[in-house]
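What follows is one structure encoded as structure tokens, with my remarks underneath.
The values are calculated or read from the model by the stated rules, or taken from the named source; none is laboratory data. Since this is a predicted model, take the numbers as computed values, not measurements. Reconstructed Cβ throughout: ideal geometry from the backbone, glycine too, with neighbour counts over all protein chains shown. Remember, those area values only see protein heavy atoms, side chains included, never the ligands or the DNA or RNA. Shrake-Rupley method; radii C 1.70, N 1.55, O 1.52, S 1.80 Å.
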Amino acid sequence: MTDEPEEALIAELIREAALEGVRDELPHSIAVVIDEIIPRPDRPEDKPLSDVYASIVVERESQKGIIIGHKGARLREIGTTSREQINRLLGTRVHLNLHVKVLKEWQKDPKYLNRLGF
């Protein structure tokens, strides 16, 4: 039980999956923002599905490459790992749509920190 909003928990699950295995290369330069969670209205009640749109934010282009990986392999791995955990958290299936964005020096800019929820 927690009083954290679902968006914060989902963002943390994605961030955890992104940091797994690359902790030395991306120590704290990564943030995750949940852009939208949209339940699909055309689904039957016994098989709900939600679309989760999230942005993984890094500070440099080189970090973006690390997150995406060779031919998108690392990003797919992040999506698979976090999707399974999000399914358990929400109790329903989700379609996870991840994007990687570069916001230069976001950790030093109060405007970016506020926008990213810090």
Worksheet item: In whole percent, how big is the carbon plus sulfur part of the accessible area of the chain, probe 1.4 Å, protein atoms only?
Response: 50
Worksheet item: Under unit Cβ charges (Lys, Arg +1; Asp, Glu -1), what dipole magnitude, rounded to 20 debye, does the chain have relative to its Cα centre?
Response: 460
Practice prompt. Could I have the simple spin-label model distance between residue 73 and residue 40, label points 7 Å from Cα toward Cβ, reported in nm to one decimal?
Written response: 2.9
Discussion item. Using a Cα-Cα cut-off of under 23 Å, which lysines could be cross-linked to residue 64, ignoring same-chain neighbours fewer than 8 residues away?
Written reply: 101, 104, 108, 111
Worksheet item: For residue 102, what is the net charge nearby, where nearby means another residue's Cβ is under 11 Å from its Cβ and Lys, Arg count +1, Asp, Glu -1?
Response: +1
Item to complete: Please go through segment 58-118 and write out the trypsin sites (Lys or Arg not before Pro) that DSSP classes as loop and that have at most 12 other C-beta atoms within 10 Å.
Response: 104
